[in-house]
Amino acid sequence: MLYRSADDWRNAPRKRVLFFAMSGLGKTYVSNMLRDAGDWFHYSIDYRIGTRYMGEYITDNAKAEAMKVPFLRDLLLSDSIYIGSNISFENLTPVSTYLGKPGDPAKGGLPIAEYRRRQEQFRLAEIHALLDTEYFIDRAERLYGYPHFICDTGGSICEWVDPDDPKDPVMSELGKHTLMVWIKGDDAHTAELARRFDKAPKPMSYQGDFLERVWTTYLQQHDLDETQVDPDAFIRWTYAQAMAHRQPRYAAMADRWGITVTADEMAQVHDADSFDDLIASALEAQGK
């Protein structure tokens, strides 16, 4: 690992970390806190995906919808109006809206073939964004003078890597440049995340084999064809399975490539010093 002991971490003139966890366990909250402290550069993978790698897809999709309205179509064709996404660190809705949900088009669902196509676009975009980490580490210091760097990944990072392969290209690259930190939730956190998701289900990205399995099973169990699926019902049904699918993958990533802190421990971080203490303690515990 980049830092092999608590002393290595505390004495490092440049600290570089990467968070991975299910969405909702504090990755972005702590990243924002460190950025606000003044010495940390916050690299958001989801923001990079939405601006660099999927920006045109998102804008073109919005234009396609606008073209269905004659008034807007005429304005677009004459270059009289401009359509773009207003994505930010705090508002990543354009990305999730583009990903969409499969099912009944009358309920806002996408045909499963189109849904798979967008899932594949996202997979490639996230891999590219993750592999841009070294570039942003260099850019953060060379251009802006930030000594410390934090990479805030999306919950789907575990879908695109093989954590059991010591030669996995994405994990190997990230491990060269960052200390990877898993924020581990417990059963109570899982239940709360599920409750939030049930209240406001939002699009997710899934590993291809996992998606095929849950989609086929859902159609069979509910005796539906793809045009009859309620999109929100499907992704609600899938969420708990997705969490169960991801948990051992996160654990394997941490065992081979990084360290583990609990979500409760991360919730106690209130400034850069307490963050340093938490990472040092995790490194010390791992060493023992």
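The values are calculated or read from the model by the stated rules, or taken from the named source; none is laboratory data. Treat the numbers as computed from the prediction; the structure is a model and nothing was measured. All Cβ positions, glycine included, derive from the backbone under ideal geometry; neighbour counts span all protein chains shown. The accessibility values were calculated without ligands, DNA or RNA, using every heavy atom of the protein model including side chains. Shrake-Rupley method; radii C 1.70, N 1.55, O 1.52, S 1.80 Å.
The one condition from (1) in a helix (DSSP H, G or I); (2) in contact with a strand residue (DSSP E or B) (Cβ under 8 Å, 6 or more places away or on another chain) that Val214 does not meet is (2).
Could you tell me which of the residues Ile150, Ile87 is more than 24 Å from Met67 (Cα to Cα) and either in contact with a Ser or Thr (Cβ under 9 Å, 6 or more places away or on another chain) or among the hydrophobic types (A, V, I, L, M, F, W, C) (or both)?
The conditions single out Ile150.
Suppose we keep only residues that are open to solvent by less than 40 Å² (accessible area, probe 1.4 Å) and hydrophobic (A, V, I, L, M, F, W, C) within the stretch 228-243. Which one would you say is nearest to Gly109 (Cα to Cα)? The residue in question is Val229. What about Ile87, is it in contact with a helix residue (DSSP H, G or I) (Cβ under 8 Å, 6 or more places away or on another chain), open to solvent by less than 30 Å² (accessible area, probe 1.4 Å) and more than 15 Å from Gly50 (Cα to Cα)? Criteria not met by Ile87. Yes or no: the stretch 227-244 includes at least one residue that is modelled with pLDDT of 95 or more and assigned to a loop (DSSP other than H, G, I, E, B). Taking every residue of the stretch 227-244 in turn, at least one turns out to be modelled with pLDDT of 95 or more and assigned to a loop (DSSP other than H, G, I, E, B).
Of all the residues in the stretch 119-172, those that are under 18 Å from the mean Cα position of the chain (by Cα), open to solvent by 20 Å² or more (accessible area, probe 1.4 Å) and either among the basic types (Lys, Arg) or modelled with pLDDT under 95 (or both) number 1. With respect to Ala188, is the statement that it is assigned to a helix (DSSP H, G or I) and closer than 15 Å to Gly155 by Cα true? Against the criterion (assigned to a helix (DSSP H, G or I) and closer than 15 Å to Gly155 by Cα), Ala188 does not qualify.
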